[in-house]
There are 4 protein chains.
Amino acid sequence: MGAAMARNLLQAGNEVTVYNRSRAKAEELFAQGARVAASPAEAVRDCEAAITMLADDAALEGVVFGPGGIAEALGAGAVHVGSSTISSAFARRLTAEHSSRGQHYVSAPVFGRPDAAAAKKLLVVPAGDADIVKRCLPLFDAIGRQTFVAGTEPWQANALKLCGNFMIAAMLESFGEAFAAMRKAQVAPHLFLDVMVALFGSPVYAGYGKIIADELFEPAGFAVRVGHKDVRLVLDLARECAAPMPLASLVHDHMLEAIALGHGERDWSSVAQVSAKHAGLPG
Amino acid sequence: MGAAMARNLLQAGNEVTVYNRSRAKAEELFAQGARVAASPAEAVRDCEAAITMLADDAALEGVVFGPGGIAEALGAGAVHVGSSTISSAFARRLTAEHSSRGQHYVSAPVFGRPDAAAAKKLLVVPAGDADIVKRCLPLFDAIGRQTFVAGTEPWQANALKLCGNFMIAAMLESFGEAFAAMRKAQVAPHLFLDVMVALFGSPVYAGYGKIIADELFEPAGFAVRVGHKDVRLVLDLARECAAPMPLASLVHDHMLEAIALGHGERDWSSVAQVSAKHAGLPG
Amino acid sequence: MGAAMARNLLQAGNEVTVYNRSRAKAEELFAQGARVAASPAEAVRDCEAAITMLADDAALEGVVFGPGGIAEALGAGAVHVGSSTISSAFARRLTAEHSSRGQHYVSAPVFGRPDAAAAKKLLVVPAGDADIVKRCLPLFDAIGRQTFVAGTEPWQANALKLCGNFMIAAMLESFGEAFAAMRKAQVAPHLFLDVMVALFGSPVYAGYGKIIADELFEPAGFAVRVGHKDVRLVLDLARECAAPMPLASLVHDHMLEAIALGHGERDWSSVAQVSAKHAGLPG
Amino acid sequence: MGAAMARNLLQAGNEVTVYNRSRAKAEELFAQGARVAASPAEAVRDCEAAITMLADDAALEGVVFGPGGIAEALGAGAVHVGSSTISSAFARRLTAEHSSRGQHYVSAPVFGRPDAAAAKKLLVVPAGDADIVKRCLPLFDAIGRQTFVAGTEPWQANALKLCGNFMIAAMLESFGEAFAAMRKAQVAPHLFLDVMVALFGSPVYAGYGKIIADELFEPAGFAVRVGHKDVRLVLDLARECAAPMPLASLVHDHMLEAIALGHGERDWSSVAQVSAKHAGLPG
């Protein structure tokens, strides 16, 4: 993801310095004009905006607050743009910590897989101080097809991103249960899929539906383990907001079952296999 | 629904006799070339195919097996095409009863609202004996934009239709929970909707999402009461097939709550209000 | 059950005529003073009260409304006491049908297994017209240890019985989930059981908890298949009353899974095995 | 709780030094022979065993690891006995931290309310190194009626305690749903309660059932807010152990709803009001 975003930022004429834990990955961007830094701190020194794209709260915490991290090197008045899918709680901590250092923080998570990032087709959802978000808009234009400002508090963007991932997870659960019933009713899965694609007219339904109908859950585009983590963050958000989300609880429990069965590294659409097993089906 | 389908059948050059409990409604089709019958029996005597489109099992039972019903008048070798959303159990009974009378039965439920029916854009899902289904294909072409044969047992088409409605109901539930969390997080509902429409690219998400974001649940396109009945039929199917569907159970319980609160006649997307109430929101 | 109840009725000095589909079973009561009838009708002719104890709605329907059934033979003013666990809907039908024949109907389901019936320790829960229930009290005293009048409408007693069975089913589900977590945490199941028995001080917890800790689900005291049927009736009641019962839905889905896995004839406490499987445990 | 436990420890002949954030509360024990300390550190210096009983992880963390905390003052070879209901994760951290200081840690949560503590009727569930637990047994005998050793890892005791609280929470949920259905069926709540008390024969059912039937949720014996926190810890445990607990998820969501409605300080049995509201009942 990060590499594709950096490429598009370069293409838009920005000066870009990149850092990756595995330096080889960073070097790939050298040929395209990026400088390569040896640490997050080195990457962000004297920059206007530092964009982070990491796996989770813990990884981002290390890169921001660890030794050689962003927090100690980012200049006053510069902005940290966090694009990772993180908890709303951690987004609030980032907001406070950057603010106490005279730095700005904007959350700007994105929707889209690596291929969408490469094709500059991400949906970008920033939130934060209106002026700072405005200043970053050219960056969002450079990496995505559309930008939606979620609010003036950075964590609101993370809340929206988590709810969006929940919407996809809910769709996977619904597909899983329906496919299991269809298989028990001896209706061909691909026939059911064709009708659903015609009904919803959505490429997301078409894409995930095909994985489930084909029962091809490896290699994972997005692992159950990661999806389960995201749904856990949705439930944390639900708790903070005092907004019960029983469907998120249901998906959480089914993904936990997939993990208990040793399927944590399969694609998260393999939550459908949990419903299949409950119906006594193989798989 | 039935009127729109009859109009398209006429337009395709078929001879059509119509019957409706309220004769005035049937008469409207007279100008377009339909004959109007005084009873179901009169409507189907000497026809090749009798198409029924009714509210539920009970209504269809009356029209088929009641006095002056279809079963007593349909000729040997003729086919009853049932387009209503009925239980898979009743579809099996229709299959057996028609068969015992030398008649044929095909289930052919449709996806699409009345405007889709008028525009000949229904999705038609027939199932039944392959030869009989084949014989009916011109009828399906006349009323819909695409036909998907679900299987050789009529009830399989009803099973598929019910699972399709479940998929929509599950989407409504996911929207309801996400909108409630977004409102508690002070993210504007229409902003969330815009992102979801961009993410899923589905007119179904756009349409229902707008009703929920606007909180305009009346007049109902499809009432909670009817949706709840359909989800109950989904659970009956799940039981018959021994395929647990906990998300269907969840939607069932939330729609039942909407009914308990006196909202049975609102649009079924108002299941979102149940999640809103659970979060302490007004509405 | 029926035999034990008949024995206690005889012991209390009542004249008893018995009927069982398998005549041999009925004959066993002959030595204890019962007359043996060749049909339900013969058994109830000229009696004051006809007590039925059958498996489900269908069985009771056959015995009451079938040829040689109770309805055609019970005298005017006599009472049918229905002790089976039946749906509240069927209880209402019985009430209406008996009333239309000048007969009375009282629902009087019981709590307790066959050994409790033999020991005269049943809990009897009658409901119906107050005078008629009063007239039957000596019968209830003869078969149980305590009588609780649920209301003046017979179906209310069935509603209470169903809710009581739901309470037990919910306890089984809670045990199943807790035992699975304890096993994954390597806490000995019998140790957990000992604490729960000390905590709740309930013989019901002790009895079912032991079956689950021992994993001895056969022979069944009460089969999953039957328990699942009862939970379905609970959900039917919930629907009629417009009172959502998501925990009943959860138990329903887990018992359905047990059936899908081929465990329908195991004891209903084996719903605990479903939770164990979800945790990746054997069993 | 703590005061009652201290009183019983004194009565058993132990030398006891007490510390409480509010010194007045600690002073009450002075007359009964306790020394009163000005800080946790002062309380545990030179003692053999330090017993903590606090509200949650955060409170215990302050008392153990904060300035003037237990960790810095407890002697080598002495044991910290943690009786609070804490997360299994924090129990593991306590185990590791104490071990690194040459101190011992035993988790020994208890079942029972303050009145049970006063009456020396607690159930004590210790876990930890077998020799250390053995050394503490006289303490457990002094405060409780029965001791159950959960395992050799301290966190196992916390896991068991959490599962026990889950069992009670599940019972509350089952009562809530059943009472709502009974009220809609116009069966008197206290009549239903009487039958359940006769059926389960459990003082826990009798006690909580009465609160719910009386609808007297204040003052709280144990607040929804605290119960919700415990159920959250149960779900954290379920996640760590990879043992899905959908009933815990359900109770979690209903308690969250109670909090969203502003009922966080009512007794946790008021989760029953959530089910009542879902059925359209007042309250």
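Annotations for the structure displayed:
- Think of the axis that spins chain D onto A; the D residue whose C-beta lies nearest it, and the distance in whole Å, is D:S249, 2.
- Shape analysis of the protein assembly as shown places it in the oblate category; the axes a ≥ b ≥ c from the Cα gyration tensor give an a/c of at least 1.5, with a/b not above b/c.
- Spin-label pair C:A38/C:A12, simplified geometry with 7 Å Cα→Cβ offset, distance in nm: 3.1
- Model label sites at A:A76 and A:E215, defined 7 Å from Cα along the beta-carbon direction, differ in position by 6.4 nm.
- Projecting 7 Å from Cα along the Cα-to-Cβ direction, the label point of D:R35 sits 6.4, 8.8, 10.8 nm from its equivalents in the other copies, listed shortest first.
- One Cα centroid belongs to the stretch A:243-283, the other to the stretch C:31-104; the line between them spans 48 Å.
- Applied to the stretch D:77-83, the Karplus parametrisation 6.51 cos²θ - 1.76 cosθ + 1.60 on θ = phi - 60° returns per-residue 3J(HN,Hα) values of x, 7, 10, 9, 9, x, 9 Hz, with x for Gly and Pro.
- Estimated from the Cβ-Cβ distance and a Förster radius of 51 angstrom, the FRET efficiency linking D:D131 and D:A31 is about 0.90.
- Across chain C, C-alpha contacts under 8 Å between residues 6 or more apart give a mean separation that, scaled by the residue count, equals a relative contact order of 14 percent.
- Antiparallel bridge percentage (DSSP; both residues within chain A; nearest 5): 20
- Of the residues B:M1, A:M53, the one with the fewest other Cβ atoms within 10 Å heads the list, and the complete ranking is B:M1, A:M53.
- The stretch C:2-152 - share of DSSP beta bridges that are antiparallel (%, nearest 5): 20
- Enclosing the Cα atoms of the stretch C:142-205 in their convex hull gives a volume equal to 101 cubic angstrom per residue.
- Estimated 222 nm signal from helices in chain A, with DSSP H stretches of n ≥ 4 weighted -39500 (n - 2.57), rounded to 500: -17500 deg cm²/dmol
- Tilt relative to chain D, helix D:154-184 - C-alpha long axis, 0 to 90 degrees, to 10: 20
- Among beta bridges from DSSP that stay inside the protein assembly as shown, the antiparallel ones total about 20%.
- Dividing the Cα radius of gyration of chain D by 2.2 N^0.38 Å, with N the residue count, gives 1.07.
- Within the straight-line cut-off of under 19 Å between alpha carbons, the lysines reachable from A:K120 are A:K161, sequence neighbours fewer than 8 places apart in one chain being disregarded.
- Convex hull projection area averaged over all views, the stretch C:158-278, Cα basis, nm²: 7.3
- Label point 7 Å beyond Cα along the C-beta direction, distances from A:L281 to other copies (nm, shortest first): 2.7, 3.3, 3.9
- Dipole of the stretch A:146-233 [Lys/Arg +1, Asp/Glu -1 at C-beta], most positive-end residue of A:L191, A:G164, A:V226: A:V226
- GNM flexibility winner over chain C from C:V197, C:V63, C:V251 (Cα, springs under 10 Å): C:V197
- With the simple model of a label 7 Å out from the Cα in the direction of the Cβ, C:F222 to A:H190 spans 4.8 nm.
- Cα gyration tensor shape of the stretch C:2-152, rounded if a/c is under 1.5, else prolate or oblate by comparing a/b with b/c: rounded
- Cβ charges +1 (Lys, Arg) and -1 (Asp, Glu), total dipole of the stretch C:210-269, debye: 160
- For A:E15, label point 7 Å along C-beta direction: distances to other copies, nm: 7.2, 8.5, 11.1
- Cα long-axis angle, helix D:88-100 against chain D (0 to 90 degrees, to the nearest 10): 0
None of the figures in this text is laboratory data; all of them are computed from the coordinates on show. If you're wondering where the values come from, they're calculated on a predicted model, not measured in any experiment. Because the Cβ atoms are built from the backbone with ideal geometry, glycine has one as well, and the counts that use them run over all protein chains shown.
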